[in-house]
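Before any comments, here is the structure.
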Amino acid sequence: WIKKGTEIIPPVNTRFIEDLDILPFPDKDLFFKEYPDFIKSVYTIITSRNCVFKCSYCHNSYLSKFYKNNNYERRRRSIGNVISELVWAKNKFGFKRVAFFDDLFISHGEWLKNFLREYKKEIGLPFFCTVHTNFINSEIVELLDDCGCSSANLGIQTISETIRKNVLQRYDTNKEIISAINLFKKTKIFLFTNVIFGLPYQDEKEMSDTIRFFNKLRPDFADSNWLRYYPKTAIVDFALKASLISQDDIRTIDEGNEFRPYSLGGHTRNQFNSRLRNLLSIINFLPKGIVRKIVDYKLYNYLPVFDLRHISVFCNIFIKKYLGNKKNPYPHLSFMDLLRFYFYYTRIIVVRKYLNKNWFFRK
């Protein structure tokens, strides 16, 4: 991209690389040397580009349209190429786990089956991956469990099928979601589920029903995040129509003038949503009957606003790891890595908020 004065000129005839195997392995020394404490146990890797879905809140919903004539479709590395990187990295860094951070790891069934069998033979380490109900069945879940999957992230976003279909452009059903969660509960895989609080047309009843839904199913951790608006994504139009944002807000989003960190903040965080999110975070520590009473009588209005999610994550990991059979529950950090991570960023936040903001960056 070129800028001449105020004019921005995009590249001409952009074509994405079809054969991802020709790309060199990433030089992660640049990061590992800077943050050695964060990578003692895990190696992150991506085996593909893009996603088979175009969810309205995701960058793919825009980029797939922007690059529709430029070979932007789903592309995946060969099995041999991925295994070669992992063997090379394992010998070099000595990691103990692998985190596959593809937008969706378990698509392309035959590739997945062949890869997992090769992975078990050549690498044989616990791994994390992202999953989707459309590709989950008993065969795939059993194969993941057998080949070393220790934790997985299942995005649900809302238990309202109407909002999921008409606003989020996701077409899985609650019946499929329930089936998927129950399949994972039979394994040693730690299952994270994700919902978004603050969606267009989402009301108190829908969020309360979300609590009831997960209180009944009890995945290993029912996680939640705030909605963030990315420039030009379809969800921005829905939010505008629902009067959640204004044209001025859209200009601010498009210009990138706000800092909205993942899980710690978002455009839809408020006191009411924070209380409901806190209840969702702690349901695994409460009897189901107590949770039902809290929801029925709206006692969540008396919960604290400050974030309980991080405390719940620690407690879930500790319980599942040391008292259960989920030995590597967190996606890409060990228990001690997670402590170091939060200590490091808490220190940054404190310094930036209460001391001279420029001190940290000069340091």
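The values are calculated or read from the model by the stated rules, or taken from the named source; none is laboratory data. Quick caveat: nothing in here was measured; it's all calculated off a predicted structure. No Cβ is skipped: glycine too gets one built from the backbone with ideal geometry, and neighbour counts run over all protein chains shown. The accessibility values were calculated without ligands, DNA or RNA, using every heavy atom of the protein model including side chains. Shrake-Rupley method; radii C 1.70, N 1.55, O 1.52, S 1.80 Å.
Just a few scattered comments:
- Alpha-carbon Rg/Rh ratio, for the chain, with Rh computed the Kirkwood way: 0.96
- Label-point gap, in nm, between PHE16 and LYS92 - each point 7 angstrom along Cα→Cβ: 2.5 nm
- Accessible-area composition of the chain, carbon plus sulfur, in percent [1.4 Å probe]: 56 percent
- Set of the stretch 49-91 residues, backbone N closer than 16 Å to the point 7 Å along the Cα-Cβ line of ASP29: 88-91
- Given in Å, the Rg to one decimal and the Dmax to the nearest whole number for the Cα atoms of the stretch 253-326 are 15.3, 48.
- With the helix formula -39500 (n - 2.57) applied to DSSP H stretches of n ≥ 4, the chain reaches a computed 222 nm mean residue ellipticity of -13000 deg cm²/dmol.
- Neighbourhood net charge (14 Å Cβ-Cβ; Lys/Arg +1, Asp/Glu -1) for GLU204: +1
- Among the cysteines of the chain, CYS51, CYS129, CYS147, CYS149, CYS315 have no other cysteine beta carbon within less than 4.7 Å of their own.
- Longest stretch of the chain clear of exposed loop sites (GluC sites (Glu not before Pro), DSSP loop, at most 14 other Cβ atoms within 10 Å, sites excluded): 74-254.
- Taking Cα centre as origin and charging only the Cβ of basic (Lys, Arg, +1) and acidic (Asp, Glu, -1) residues, the dipole magnitude of the stretch 250-289 rounds to 300 debye.
- Assigned charges on the beta-carbon of Lys, Arg, Asp, Glu; the chain dipole about Cα centre (debye): 920 debye
- When Rg and the Kirkwood Rh are both derived from Cα coordinates, the Rg/Rh ratio for the stretch 190-301 amounts to 1.02.
- A DSSP coil position with no more than 12 other Cβ atoms inside 10 Å describes the following chymotrypsin sites (Phe, Trp or Tyr not before Pro) in the stretch 213-264: PHE259, TYR262.
- In the chain, a dipole from Cβ-located charges (positive for Lys and Arg, negative for Asp and Glu) runs towards its positive end, and of TYR119, LEU323, LEU280 it is LEU323 whose Cα lies farthest in that direction.
- Relative contact order of the chain, defined on C-alpha pairs under 8 angstrom at six or more residues apart (%): 16 percent
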